[in-house]
Structures are given as C-alpha cells and as structure tokens.
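Taken together, the values in this text are just the output of simple stated rules run on the coordinates, not laboratory data. Not measured: the values here are computed from a predicted model. Backbone-built Cβ (ideal geometry, glycine too); neighbour counts: all protein chains shown.
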Amino acid sequence: MLGSMGAGAVAGGIALGRVRRYLALNSLVCGASVLFGISTLIAAYVQYSAPVYLSLLVGGAAWITFNSTVSSAFQATLPAWVRARALAVFLLTFQGSMALGALIWGVCADQFGVSKTLTAAALLMLTGPLLLRRHPVHMEAELMPPSTMIESQGGS
C-alpha cells in the first residue's frame, strides 16, 4: 500500500510541472486535498486490493502536489533575508506535525477503529478547501504590485 502511494507521489512529482501550467495554485491545492480525501475514504471502506492500490496511486500524486505547491508558495513569498530561517522553522513544524499527527491518529485508530479514523481524517481533508477561500495560496509574483514586478525584472 505504501509502495502504491510512493509510486503515485513519484509520478505526481514528475507530472506536477506540466499540471501547474494549466491550473492555478489554489485549484491545485483544492484538488489535491479533495483527491487525497477521496483516496483515504476508499482505503477506509473498499475491501479489494486493486481499487485501494489504484486510489493510493492517486492519493500519492495528490499528497506530493499539495505539499510541493504549499512549500513552493511559502518559499516564494519569503523575503530573502529571512528565507533560510523561516524554511527551517517550516520544515521543523511540518515534520513535527507529521509525527504528532501519526501519534494522535494512531491512538484514534486504536480507540475507534481504522475505518472510522480514516473517515474522520478524510472529512477533515475534504473541508480543507473551505480554508482556501479565507486563506488562499499565493506566489511572490501574485503578491507584488505591477510596478514592483517591472522594476525587479530590470525594466524602468
């Protein structure tokens, strides 16, 4: 199962550059969140291996798309003087959250069962796109006023 998700992440990482040309950042983040949530629901309830493996391929691609897009946007919006320190804090927080989340979801799975826990996680992922309305993902070029962009590109 992890191999399917890993293969999906590799394939998604390879395809991500082409996909970014056609979709806006927030569409990528929203779509990835929804696809990963659906993949999680399939893993929670489908009892046959083939559909679960297929959904985890898609889930892996969605996972890398979400993480890569958010990480890239974070890096692009940071000022150069603080970028290295902020990225260090970002990675520490991200990895610490993954470890703490694994512990919490593991305890929930032990208490309530795997299917119910995966359902709760999937529902949270499916509600994630609602946050994009209030907190959209931006890249540096989207945040800069047009006159600043011309100056930073060497124009007058």
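Counting only the Cα atoms, segment 10-68 fills a convex hull of 66 Å³ per residue. Taking 0.36 nm per residue of sequence separation and removing the Cα-Cα distance, the residue 109/residue 88 pair yields an extension gain of 4.5 nm. Only Lys, Arg, Asp and Glu carry charge here, each on its Cβ (+1 for the first two, -1 for the last two); on that basis the chain has a dipole of about 80 debye about its Cα centre. Full extension of the chain between residue 135 and residue 95 yields a length gain of 12.2 nm, computed as 0.36 nm times the residue separation minus the alpha carbon distance.
How many percent of Cα pairs in the chain exceed 28 Å? Roughly 29 percent, rounded to a whole number. The angle between the Cα long axis of helix 25-45 and the longest principal axis of the Cα atoms of the chain comes to about 10 degrees, rounded to the nearest 10.
Excluding the sites themselves, what is the longest stretch of the chain that contains no chymotrypsin sites (Phe, Trp or Tyr not before Pro) in a DSSP loop with at most 16 other C-beta atoms within 10 Å? Longest run free of exposed loop sites: 82-156. Please compute the modelled spin-label separation between residue 20 and residue 126, points set 7 Å along Cα→Cβ, answer in nm with one decimal. My value for the distance between the label points is 3.0 nm. When shorter helices are ignored and each DSSP H run of at least 4 residues is given -39500 (n - 2.57), the per-residue value for the chain at 222 nm works out to -29000 deg cm²/dmol.
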